[in-house]
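Peer 1: Pasting a structure here, questions to come.
The values are calculated or read from the model by the stated rules, or taken from the named source; none is laboratory data. Note that the structure is predicted; figures quoted are calculated from it, not measured. As a convention, Cβ positions derive from the backbone with ideal geometry for all residues, glycine included, and neighbour counts pool all protein chains shown. Heads up: the accessible areas ignore ligands, DNA and RNA and are worked out on the full protein's heavy atoms, side chains in. Shrake-Rupley method; radii C 1.70, N 1.55, O 1.52, S 1.80 Å.
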Amino acid sequence: MIFVFFSGLLAGAPWVASFAPFGLWWLGLLQLVLLGLYVSGPFAAKPLKSFVLGLGFGFGAFVIGVSWLYISLHTYGGLPAALAGLSVAAFSLYLALFGAFACAVTAATAPVWSRYPALLPWWWAALWTFFSWFRATLFTGFSWLNLGDSLVDSPFSGALAWFGNYGLLFFLLGAVFAVWVGIQKRRILVWVPGLAVLAALAGLTLVPLNIQSTAPITVVGVQTNVDQSIKFDPDLISQNMASVFELGDAARRQVPQGGLLIFPETVDPLIWSDTPPEWQTRFHDYASDGRKVVMGAALQEGHDFYNSIVLFDGTESRLDLEAPKVRHDKRHLVPFGEFIPFGFHWFVRMLNMPMGEFASGKGALVPFDVGGGNRMASSVCYEDTFGGEFANLLANATVEPTVLLNLSNLAWFGQSWALEQHAQMGRARAAEHRKPEVRVTNTGLSGLVDEYGQWIQKVPPGVKATWKAQFVGKKGLTPFARTGPLLWYFIWIGLLVAFALSALRLRAYNRHIVSSTN
């Protein structure tokens, strides 16, 4: 079993190359096809071996793919190096469990599909996407390194607007698997449907959608580049804020009338109610002559604290300035960073994690009115990494947004590939909803993404910068926006029903053979 585990580890290690900044989206598909072939072939009817193989595969994929967590735990969190490394390894092993279960179930059910080989590729694709979704859902979930998001950089990215990340991955993985197996075993009823699905996916990327453009708006973003090691240092806060306001002054001069000036997540490291009034006023005064200011702030209501995005249009009273009313409170909080999971207070006490206990935002999303018929849907940090949850959030908004906004502080992860990975997931959300996205971060990556999920303007990470761009909002619902994750549920339930019926037919067939023999 140890050999099986390490074989899986070596097979899974290149997984990270499927994602930004490497961009080899096809590599992950190839890895999954080979993994599926193995657990449904040599390891068929051997669920334990398949589980171990899948566990090794997932461990190799995640321990490398999210190795940047070590930076947040050790470099900035102050956890001893050995304990930080052990924590990353333990977390990677937990994440690997979900793919391992997909492998085990495939191996256990392979004998049923031996009589229905045309369905086996789709069963494997359904199991992999289901357990990937389950990983992104259970215990608030962790959606990182979902291969469906990497497809925003593939020739099939246009189909994200039809099926979303898990749906597109299901069809693409099933089709590639079917073509591979069908040609290899010379089964026309296996490879022809797979080839047809590939052709359909390619065709859908060319189908125009009913999307209308709104008035263009100029946006100026501020990338403050305050290192996490000094962001919350009481002795350096005033110095850091002086640098922020210097950048804000330069940015303000670039914002035309009717434009937007945007600062990143928690640009003010203090709770807003504890922020000096002159700092509050200075942020507010950037808004004038039709200009609006959007910024990240930590707000307090009673005993609750919220990681929020607020908007000022320059007309707020002093009372409104002290307690901003136009705001978005982050709903999907980060475990350990923004809330403490049950039973882990002992672990968090070892970390240097300021602002570690926020409350989750409630109610329908209220997009910001930013002028020109544009409504801006806000998200904070990794809120936009959950495709289905994000689709439901937009679907239940008080009004349809025309542009997406993400404010982040990824300084916790240094200049690692976490920055590119996170931006890629946000770009996938833009492609799913065919709406441009503005990304403003503390240390990068910042910039403007078009409605197809491709960079229009990309600001290098690790630099202080102000940047200016213009977006054209998009109005209209994509097919995926209309169905949301319901499509995925129908796929998974449909394959489960197909399996149950096939198993019943196989059992009846075996009974018939036994009775005939007797």
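Peer 1: Sort through Val197, Val207, Val176, Val192 and tell me the only one that's open to solvent by 10 Å² or more (accessible area, probe 1.4 Å) and in contact with a Leu (Cβ under 6 Å, 6 or more places away or on another chain).
Peer 2: Val176
Peer 1: Has region 214-235 got any residue that is more than 30 Å from Trp412 (Cα to Cα) and aliphatic (A, V, I, L, M)? It would help to see each step written out before you state the result.
Peer 2: If we filter region 214-235 for residues that are more than 30 Å from Trp412 (Cα to Cα), which is where we start, we get 214-217.
From what's left, aliphatic (A, V, I, L, M): 215, 217.
For region 214-235, residues more than 30 Å from Trp412 (Cα to Cα) and aliphatic (A, V, I, L, M): present.
Peer 1: Going by the conditions given, is Gly85 in a loop (DSSP other than H, G, I, E, B), open to solvent by 10 Å² or more (accessible area, probe 1.4 Å), farther than 28 Å from Ala126 by Cα and of a type outside the set (Val, Ile, Thr)? Step through it out loud before you land on a result.
Peer 2: Values: in a loop (DSSP other than H, G, I, E, B): no; open to solvent by 10 Å² or more (accessible area, probe 1.4 Å): yes; farther than 28 Å from Ala126 by Cα: yes; of a type outside the set (Val, Ile, Thr): yes.
Considered against the rule, which asks whether it is in a loop (DSSP other than H, G, I, E, B), open to solvent by 10 Å² or more (accessible area, probe 1.4 Å), farther than 28 Å from Ala126 by Cα and of a type outside the set (Val, Ile, Thr), Gly85 comes out as no.
Peer 1: Would you check which residues across region 210-238 are in a loop (DSSP other than H, G, I, E, B) and surrounded by fewer than 17 Cβ atoms within 10 Å (Cβ to Cβ) and list them? Working first, answer last.
Peer 2: Going through region 210-238, the residues in a loop (DSSP other than H, G, I, E, B) turn out to be 210-211, 224-227, 232-236.
Those that are in a loop (DSSP other than H, G, I, E, B) and surrounded by fewer than 17 Cβ atoms within 10 Å (Cβ to Cβ): Asn210, Ile211, Asp227, Asp233, Pro234, Asp235, Leu236.
Peer 1: Also, quick follow-up: Filter region 290-327 for residues that are in contact (Cβ under 8 Å) with a residue 60 or more places away in the chain and of a type in the set (Lys, Arg) and give the result.
Peer 2: Lys292
Peer 1: Here's another thing I want to ask about it. Among the aliphatic types (A, V, I, L, M), buried (at least 23 other Cβ atoms within 10 Å of the Cβ) and either assigned to a helix (DSSP H, G or I) or in contact with a strand residue (DSSP E or B) (Cβ under 7 Å, 6 or more places away or on another chain) (or both), is that true of Leu127?
Peer 2: Details: among the aliphatic types (A, V, I, L, M): yes; buried (at least 23 other Cβ atoms within 10 Å of the Cβ): yes; either assigned to a helix (DSSP H, G or I) or in contact with a strand residue (DSSP E or B) (Cβ under 7 Å, 6 or more places away or on another chain) (or both): yes.
So Leu127 fits the description; yes.
Peer 1: Go through (1) at pLDDT 95 or above; (2) farther than 30 Å from Ala500 by Cα for Gly77 and report which single condition fails.
Peer 2: With (1) at pLDDT 95 or above; (2) farther than 30 Å from Ala500 by Cα applied to Gly77, the lone miss is (1).
Peer 1: Looking at Ser150, Ser132, Ser157, which is the one that is open to solvent by less than 30 Å² (accessible area, probe 1.4 Å) and farther than 23 Å from Leu34 by Cβ? Talk me through it step by step, then tell me what you get.
Peer 2: Details: Ser150 fails: farther than 23 Å from Leu34 by Cβ; Ser132 fails: farther than 23 Å from Leu34 by Cβ.
Of Ser150, Ser132, Ser157, the one residue that is open to solvent by less than 30 Å² (accessible area, probe 1.4 Å) and farther than 23 Å from Leu34 by Cβ is Ser157.
Peer 1: Quick one: would you say Asp227 is acidic (Asp, Glu) and either touching a Ser or Thr at 6+ places or on another chain (Cβ under 9 Å) or at pLDDT 95 or above (or both)? Walk me through how you get there before you give the answer.
Peer 2: Working: acidic (Asp, Glu): yes; either touching a Ser or Thr at 6+ places or on another chain (Cβ under 9 Å) or at pLDDT 95 or above (or both): yes.
When the stated conditions are applied, Asp227 passes them.
Peer 1: Being over 19 Å from Phe413 (Cβ atoms), surrounded by fewer than 24 Cβ atoms within 10 Å (Cβ to Cβ) and either in contact (Cβ under 8 Å) with a residue 12 or more places away in the chain or small (Gly, Ala, Ser) (or both) narrows it down to one of Ala13, Ala20, so name that one. Break it down into steps so the answer makes sense when it comes.
Peer 2: On the way: Ala20 fails: over 19 Å from Phe413 (Cβ atoms).
Only one candidate qualifies: Ala13.
Peer 1: If Ile491 satisfies every condition in (1) surrounded by fewer than 16 Cβ atoms within 10 Å (Cβ to Cβ); (2) in contact (Cβ under 8 Å) with a residue 60 or more places away in the chain; (3) out of contact with any strand residue (DSSP E or B) (no Cβ under 8 Å at 6 or more places or on another chain) but one, which is the exception?
Peer 2: Among (1) surrounded by fewer than 16 Cβ atoms within 10 Å (Cβ to Cβ); (2) in contact (Cβ under 8 Å) with a residue 60 or more places away in the chain; (3) out of contact with any strand residue (DSSP E or B) (no Cβ under 8 Å at 6 or more places or on another chain), the lone unmet condition for Ile491 is (1).
Peer 1: For Trp467, all conditions in the list (1) over 21 Å from the mean Cα position of the chain (by Cα); (2) surrounded by fewer than 17 Cβ atoms within 10 Å (Cβ to Cβ); (3) outside any helix (DSSP H, G or I); (4) modelled with pLDDT of 95 or more hold save one; what is the number of the exception?
Peer 2: (2)
Peer 1: Working carefully through the options Ala110, Ala104, find the one that is touching a Pro at 6+ places or on another chain (Cβ under 9 Å), outside any loop (DSSP other than H, G, I, E, B) and surrounded by 20 or more Cβ atoms within 10 Å (Cβ to Cβ). Explain how you work it out, then say what you get.
Peer 2: Numbers: Ala110 fails: touching a Pro at 6+ places or on another chain (Cβ under 9 Å).
The conditions single out Ala104.
Peer 1: Would you confirm, using the coordinates I've provided, whether Asp268 is of a type in the set (Asp, Glu), in contact with a Phe, Trp or Tyr (Cβ under 9 Å, 6 or more places away or on another chain) and either surrounded by 14 or more Cβ atoms within 10 Å (Cβ to Cβ) or touching a residue at least 60 places away in the same chain (Cβ under 8 Å) (or both)? So that I can check it myself, show each step before the final result.
Peer 2: Details: of a type in the set (Asp, Glu): yes; in contact with a Phe, Trp or Tyr (Cβ under 9 Å, 6 or more places away or on another chain): yes; either surrounded by 14 or more Cβ atoms within 10 Å (Cβ to Cβ) or touching a residue at least 60 places away in the same chain (Cβ under 8 Å) (or both): yes.
Yes, satisfied.
Peer 1: If you don't mind, another one. If I ask for residues that are open to solvent by less than 40 Å² (accessible area, probe 1.4 Å) and among the β-branched types (Val, Ile, Thr), which ones from region 438-464 would you list?
Peer 2: If the condition is that a residue be open to solvent by less than 40 Å² (accessible area, probe 1.4 Å) and among the β-branched types (Val, Ile, Thr), then Val438, Val440, Thr441, Thr443, Val449, Val459 are the ones that fit.
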